[in-house]
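Take a look at the structure below.
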């Protein structure tokens, strides 16, 4: 019975991913638009390759040049063979030298755009780490330490990205200064709660006034290293601020699942807040609810120990739920990152059931120890419950799909 449920969950997940695929969503949006002027395309994020394919599918004849900045191992061979397109790979989730190099190449690309050529930006999750230009006095090792601290201490993505904007020369709309006198358009895949365009990619094209309160959120040790003074950059863009059109989101993925023929969806909800509290809420619904399919989408926050083990937030939540339903034979749960990458490894998440804990313990692993050490990935590897998809061509946060019989 549970083998059938596991297969069903993977099929449901794939239906959601197909709906929010970057190529599909970009092509669908551009299909109804007429583009006669030449255009240069800049695609940044984990879904950069698939979004670029969507442009080429509809506007190939108009595309003069393109720039892709994406995560390592997310480039598609077909794009690397297109001589018009420069492909760069950079680091995620913590930036490195490649991120700064990508920032430099981005500004160079923009400087070379003629005034009679349009610019189309394609922005998806991961852009905040993949491309950066730092102000004088802030060094890469400072940015890396700050990013690691923010990611590991339960900060929400909007709070993290507001801080990123404060210490960047291109985020918070500052990139618009390099687009002067040009027609700029922007399509986005949302990887943030509420689909806030000022948070996606840290608002590369969304002007934001200086907010002194943001400095209060920055760790004291970082501010001390800067002499408690960060530069205040006034945005002096003289063009029309582009509309940032969202072509794919978590809500769209959830709706795609809910509309599947014959699928008895009992409940949909948001994944938000602390991962332990959210997991407890999910567990309560699943244990007390009736038969059917249950859906949640979003992104939880996690506090990591000093030396975390393997696995990301999806695997962590999956193991918490597995512990709660241990011994049951009627609940199966899939917790997946929609980009196919949950944490630093190659896994996208986990597919667990009532026998997960038994299988892991048979291999010598302890649930509580693994959870306390943020090492859910090791336990779930031992229980054979990890799911690996590779890059999916999208990034709309996480999905939790459960089937109860």
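FYI, it's all coordinate maths here, none of it is from the lab. Everything numeric in this text was worked out from a predicted model, so none of it was measured. Reconstructed Cβ throughout: ideal geometry from the backbone, glycine too, with neighbour counts over all protein chains shown.
Place a point 7 Å from Cα of residue 84 in the direction of its Cβ. Which residues in region 186-203 have their backbone N less than 20 Å from it?
Output list for this probe position: 186-188.
Just rank 155, 379, fewest to most, by other beta-carbon atoms within 10 angstrom.
155, 379
Using alpha carbons only, how many degrees (0 to 90, rounded to 10) separate the axis of helix 140-152 from the longest principal axis of the chain?
30 degrees
Just for the Cα atoms in region 50-160, what are the lengths along the principal axes, largest first, rounded to whole Å?
Projected onto its principal axes, the Cα set of region 50-160 covers 47, 27, 24 Å.
Once you order the gyration tensor axes a ≥ b ≥ c over the Cα atoms, which shape class does region 78-118 get: rounded for a/c under 1.5, otherwise prolate or oblate by comparing a/b with b/c?
Since a/c reaches 1.5 but b/c is at least a/b, the shape of region 78-118 is classed as oblate.
If you take the square roots of the eigenvalues of the alpha-carbon gyration tensor of region 228-362 and sort them as a ≥ b ≥ c, do you get rounded (a/c under 1.5), prolate (a/b over b/c) or oblate?
Oblate is the answer for region 228-362, as a/c is 1.5 or above yet b/c matches or exceeds a/b.
With the contact rule set at Cα under 8 Å and sequence spacing of 6 or more, what percent relative contact order holds for region 22-248?
Computed value for region 22-248: 20 percent relative contact order.
Starting from a Cα-only point model with no solvent, please compute log10 I(q)/I(0) by Debye for the chain at q = 0.10, 0.13 1/Å.
-0.67, -1.07
What's the center-to-center distance, using Cα atoms, between region 275-323 and region 325-391 in Å?
The two parts, judged by their Cα centres, are 11 Å apart.
Suppose R0 equals 22 Å; then what is the FRET efficiency for residue 104 and residue 220 from their Cβ-Cβ distance, rounded to the nearest 0.05?
Once the sixth-power term is evaluated, E becomes 0.15.
Hey, fewest Cβ within 10 Å first, where do 30, 205 land in order?
The fewest-first ordering by Cβ neighbours comes to 30, 205.
Would you work out the Kirkwood radius for region 245-310? I mean one over the mean of 1/r across all pairs of different Cα atoms, in Å.
Roughly 13.9 Å, rounded to one decimal.
Taking only Cα atoms of region 94-230, what ratio of Rg to Rh do you get with Rh as the Kirkwood inverse-distance radius?
That ratio is 0.96, to two decimals.
Taking only Cα atoms, what is the 0 to 90° angle, nearest 10, from helix 97-111's long axis to the longest principal axis of the chain?
The answer is roughly 40 degrees.
Using alpha carbons only, how many degrees (0 to 90, rounded to 10) separate the axis of helix 2-19 from the longest principal axis of the chain?
10 degrees
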